[in-house]
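Written out below as structure tokens is the structure these notes cover.
The values are calculated or read from the model by the stated rules, or taken from the named source; none is laboratory data. Computed from a predicted structure; not experimentally measured. Glycine also receives a Cβ, built like all others from the backbone with ideal geometry; neighbour counts cover every protein chain displayed. Ligands, DNA and RNA are stripped out before the accessible areas are found, and what is left, the full protein with its side chains, is counted by its heavy atoms. Shrake-Rupley method; radii C 1.70, N 1.55, O 1.52, S 1.80 Å.
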Amino acid sequence: MSTLDDFRLETRDWLKQNCPPSMQTRMVSGEDLGGGRKRMGTKPDAYVWLERMAEKGWTAPTWPKAYGGADLVKDEFLVLLEELQAINARPPLGGMGMTMIGPTLLEYGTDDQKQRHLPAIARGEIAWCQGYSEPGAGSDLASLQTKAEDKGDFYLVNGSKIWTSAMHADWMFCLVRTDPQAPKHEGISFLLFSMDSPGVTIKPILLLNGHSPFCQTFFDNVEVPKIDLVHKVNQGWTVAKRLLQHERSGLASLASADTAGPLQRIKPSVSLAELAKHYSNTKENANKIDDAVLRDEIIRNEMLKKAYTLTQARTVAESEINTPGAATSIFKYVEAGYVKEQLEIQNRIRGTQAFGWEGDMFTEEEISMCRLNLEAKSISIAGGSNEIQLNIIAKRVLGLPD
Ligand SMILES: Cc1cc2nc3c(=O)[nH]c(=O)nc-3n(C[C@H](O)[C@H](O)[C@H](O)COP(=O)(O)OP(=O)(O)OC[C@H]3O[C@@H](n4cnc5c(N)ncnc54)[C@H](O)[C@@H]3O)c2cc1C
């Protein structure tokens with residue numbers, strides 16, 4: 001038997017012994033993976049699962065052991081993903097530390113930054129938030145105005161960020177303007193700082209789904225030691241773009257087994273076909289959906305998903321670990337379309353039962369899906385809007401002119 005087969009059997013066995021049954025279920029709206037000092041996972045088993053996986057280095061399987069990973073090579077990593085998928089396991093840890101700033105620091109961080117930040121991320125001790133967008137800088141991110149002045153040993157940061165998931169975050173990675181005179185992409189730097197730093201305040205933003213980790217975040221003379229400047233001063237745009245590629249790859253679930261990702265979270269407890277029969281068929285136990293239009297819509301949507309997941313699996317198999325490119329925009333764009341369409345189909349199937357906010361007239365799943373449906377409206381905006389993804393695909397993937 002090959003070493004890889006041995007690895008598969010050992011992995012399967014270990015998962016059987018160590019993955020709690022409640023972690024072999026998909027996440028529902030409002031549930032949290034946990035991680036970080038301020039955030040509580042909704043199930044106690046989430047901590048058991050996180051601790052066991054972290055000890056094995058499998059929260060960050062491809063990271064070096066020295067930084068809390070397991071140093072898995074690509075084939076082993078793929079086997080681990082397959083085995084996790086086979087038991088429908090939740091990721092032990094999610095969030096921006098794992099999927100965004102961690103891989104970016106592996107590439108651009110100093111040794112000291114890697115030592116201080118990566119093991120804490122892999123153990124799920126520190127939750128991160130992203131300080132990119134500002135009230136006047138979303139799609140045109142390089143117009144950002146939050147400024148950082150060089151004060152010798154530290155930068156003095158003043159300004160404001162919006163849509164930061166700051167409610168439960170311990171640290172922020174943040175884009176700041178360090179040279180106001182330079183062309184806009186060339187005067188930006190990339191800083192890391194604790195959300196407990198004096199001068200950081202947050203103001204919550206309530207989302208359509210009724211709960212939200214989002215905030216506007218204000219910086220009033222925040223001192224950031226220079227050891228937490230990532231890469232070089234005024235060259236933060238290079239780091240920022242790289243991190244966005246990791247973000248898109250994470251949003252499109254390219255890098256993980258992802259029972260917490262949108263493709264899994266929008267799944268009803270039964271198949272769409274069964275759901276349609278349950279809500280809209282007139283005859284009991286019919287083996288066909290009555291409504292021919294609905295039947296077609298479901299089949300088309302299922303085919304899109306099949307094509308998407310096969311392409312995703314091929315891309316993961318073909319790409320080097322931790323090196324997502326501009327093509328991640330394609331996945332983000334297609335996934336956003338699929339998710340919205342699928343939820344619209346569920347709405348049509350459930351009819352008025354799709355709009356249950358609370359109360360005894362609705363099942364738990366109906367309420368959860370109603371809220372998820374509202375939350376999912378943002379999927380074509382968060383992490384860069386659909387139009388921006390199309391611009392990237394046109395320029396960076398297809399090589400079309402500006
Ligand atoms: C749920 C959610 C979570 C988020 N999380 C974070 C976070 O953690 N950290 C963070 O920093 N930000 C976050 N964001 C912000 C997000 O990145 C921005 O909302 C997004 O980049 C769009 O920016 P904007 O809202 O300013 O819209 P605008 O940039 O004002 O865009 C408005 C419209 O114009 C279109 N448009 C703009 N420019 C172009 C162009 N050149 N070509 C074609 N169309 C264009 C856009 O597609 C959009 O439809 C989050 C947003 C949401 C909704």
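A cut-off of 5 Å between modelled amide H atoms, ignoring neighbours fewer than 5 places along the same chain, links residue 164 with 215, 217.
For segment 32-182, the relative contact order is 24 percent, taking Cα pairs closer than 8 Å that sit 6 or more residues apart in sequence and dividing their mean separation by the residue count. Residue separation of residue 310 and residue 51 scaled by 0.36 nm, minus their Cα-Cα distance, works out to 90.1 nm of gained length.
These residues, 6, 111, 75, go from largest to smallest accessible area, 1.4 Å probe, as 111, 75, 6. Considering only alpha-carbon pairs that sit under 8 angstrom and 6 or more positions apart, the relative contact order computed for the chain is 14 percent. For segment 148-155, the Karplus equation 6.51 cos²θ - 1.76 cosθ + 1.60, evaluated at θ = phi - 60°, returns couplings of 10, 9, 6, 10, x, 7, 9, 9 Hz by residue, with Gly and Pro reported as x.
Bridges between two residues of the chain, per DSSP, are antiparallel at a rate of about 80%. Among the lysines of segment 1-136, pairs at least eight places apart or on separate chains and with Cα atoms under 20 Å apart come to 7.
In the context of the full protein assembly, residue 378 retains an accessible surface of approximately 60 Å², using a probe radius of 1.4 Å and ignoring ligands and nucleic acids. Near residue 212, the amide H atoms lying under 5 Å from its own belong to 207; only residues 5 or more places off or on other chains count, and H is placed 1.01 Å from N. Inter-label distance, residue 212 to residue 153: 3.9 nm, where each label sits 7 Å from its Cα along the C-beta direction. Could you compute how fast the chain diffuses translationally, taking Rh as the Kirkwood radius over C-alpha pairs and applying Stokes-Einstein at 20 °C with viscosity 1.002 mPa s? Give it in µm² per second. In µm²/s, the coefficient is 95.
Partner lysines whose Cα lies under 29 Å from the Cα of residue 277, excluding those fewer than 8 positions away in the same chain, are identified as 267, 288, 305, 306, 340, 377. Protein-only accessible surface at a 1.4 angstrom probe places the residues 168, 246, 278 in the order 278, 168, 246, largest first. Spin-label pair residue 226-residue 16: with each label point 7 Å from Cα along the Cα-Cβ axis, the two points sit 5.7 nm from one another.
Accessible area of residue 214 (1.4 Å probe, protein heavy atoms only, ligands and nucleic acids ignored): about 60 Å².
When a/c reaches 1.5 or more, the comparison of a/b and b/c decides; with that in mind, is segment 152-234 rounded, prolate or oblate per its Cα gyration tensor?
Numbers: a/c = 2.38, a/b = 1.72, b/c = 1.38.
It is prolate, given that a/c is not under 1.5 and a/b is the larger ratio.
Ordered by 1.4 Å accessible area with all protein chains kept, 143, 189 run largest first as 143, 189. Mean-square fluctuations from a GNM of the chain, with a 10 angstrom spring cutoff on Cα atoms, peak among 16, 267, 283 at 283.
Per DSSP H run of at least 4 residues, take -39500 (n - 2.57); add these up for the chain, divide by its residues and hand me the 222 nm value, nearest 500 deg cm²/dmol.
-12500 deg cm²/dmol
The phi-based Karplus calculation (6.51 cos²θ - 1.76 cosθ + 1.60; θ = phi - 60°) puts the 3J(HN,Hα) values of segment 71-83 at 6, 5, 7, 4, 4, 5, 4, 5, 4, 4, 4, 4, 5 Hz, whole numbers, x for Gly and Pro. For the chain, the longest stretch holding no GluC sites (Glu not before Pro) located in a DSSP loop with at most 16 other Cβ atoms within 10 Å is which? So the longest stretch without any such site is 126-283.
A cut-off under 13 angstrom between Cβ atoms defines the neighbours of residue 206, and their net charge, with Lys, Arg +1 and Asp, Glu -1, is +1.
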